[in-house]
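The values are calculated or read from the model by the stated rules, or taken from the named source; none is laboratory data. Treat the numbers as computed from the prediction; the structure is a model and nothing was measured. Please note: Cβ atoms are built from the backbone with ideal geometry, for glycine as well, and neighbour counts cover all protein chains shown.
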Amino acid sequence: MPAIVVHGGAGTIRKEERIPKVIEGVKEAVLAGWRELKKGSALDAVEEAVKVLEDNPLFNAGTGSVLTLDGRVEMDAAIMRGKTLEAGAVAGIWGVKNPISVARKVMEKTDHVLLSGEGAVKFARLMGFEEYNPVTDERLKQWEELRKKLLEKGEVKHWKKLNELIKEYPEVLRSTVGAVAFDGDEIVAGTSTGGVFLKTFGRVGDTPIIGGGTYANEVAGASCTGLGEVAVKLALAKSATDFVRLGMDAGAASEAAISLATRYFGKDTMGIIMVDSRGNVGFARNTKHMSHAFMRDGMDEPVAGV
Ligand code: ASP
């Protein structure tokens, strides 16, 4: 019973006119993943779906990644195979087009799980990933505008209160991407992000933390989006798969995971997508929006929403 679900980030989509474009983007990604899934590999399906989202500048991953407080791109990504618990991730990587593919190489070519910063960039070059600038003009403009709001007499006011920042400026949280797929044999989960706008240099979110923002085992897989620190503290992606192990399906487990996030950290913090080993799809959020799309056996076209 193959199934795939993708997300394009939890948060608030402020401009109504963006919604159809975002929906188009997640649909395109889920269809690209579905084509790979039909050939039999959840791993290829997740990588392909995430790559399509990374290449779409609307989303905050790969091309179109948001910028740190000091105006740099530091991207995080992870991929995990549910059957063998193999996992690969990169944190704070720059200068590559598709961080999810570098994460896959970490999983396949090294004994490690997570490479960060300069080491991750060096590894990517060794693996043949070419230099690429993911900064778009739109993000640069947004960075300049947001940064101005935070500056008081040339000093950054809010510099470490990310959750307060999000309440005041919901647009700092936007458009991380992820995919979870089941090919009838294995579940795979992947997530990719530029992080949170104006994040402190060096900050690593939940996305590349195995068990935090990304997790898969033989019962389920999960990809989280939202305020990364929340997912890390709750080991949310792993907790969500535990709910499936204890008897819930992917839908109920997604709801339970988000209730947990709301109970501890309040609303406007988290979203999640899941697939379980019976091919059930789940998604939930406590934010206003989370673009998502899914395909399961028997469906002719994807179901998508925000
Ligand atoms: N979870 C991501 C992070 O904290 C951001 C997001 O999902 O939008 O880096």
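Could we say that SER259 is surrounded by fewer than 24 Cβ atoms within 10 Å (Cβ to Cβ), modelled with pLDDT of 95 or more and not charged (D, E, K, R) here? Break it down into steps so the answer makes sense when it comes.
Values: surrounded by fewer than 24 Cβ atoms within 10 Å (Cβ to Cβ): yes; modelled with pLDDT of 95 or more: yes; not charged (D, E, K, R): yes.
Yes: the conditions hold for SER259.
What's the number of the condition LEU85 fails, among (1) among the hydrophobic types (A, V, I, L, M, F, W, C); (2) away from the ligand (no atom under 14 Å from the Cβ); (3) at negative phi; (4) over 15 Å from the mean Cα position of the chain (by Cα)?
(3)
Within the stretch 199-214, which residues are surrounded by fewer than 24 Cβ atoms within 10 Å (Cβ to Cβ) and either more than 9 Å from the ligand (Cβ to nearest atom) or free of Cβ contacts under 8 Å to residues at least 40 places away in the same chain (or both)?
Across the stretch 199-214, the qualifying residues are THR200, PHE201, GLY202, ILE210, GLY211.
Tell me, which strands (runs of 3 or more DSSP E) lie completely within the stretch 1-116 with 2 or more residues that are out of contact with any Phe, Trp or Tyr (no Cβ under 6 Å at 6 or more places or on another chain), surrounded by 22 or more Cβ atoms within 10 Å (Cβ to Cβ) and at pLDDT below 95? Outline the logic, then answer.
Working: elements: 3-11, 75-81, 87-93, 114-116.
Where strands (runs of 3 or more DSSP E) fall fully within the stretch 1-116 and carry at least 2 residues being out of contact with any Phe, Trp or Tyr (no Cβ under 6 Å at 6 or more places or on another chain), surrounded by 22 or more Cβ atoms within 10 Å (Cβ to Cβ) and at pLDDT below 95, they are 3-11.
Criterion first (within 14 Å of the ligand (Cβ to nearest atom) and at pLDDT 95 or above) does VAL188 satisfy it?
Numbers: within 14 Å of the ligand (Cβ to nearest atom): no; at pLDDT 95 or above: yes.
No: the conditions fail for VAL188.
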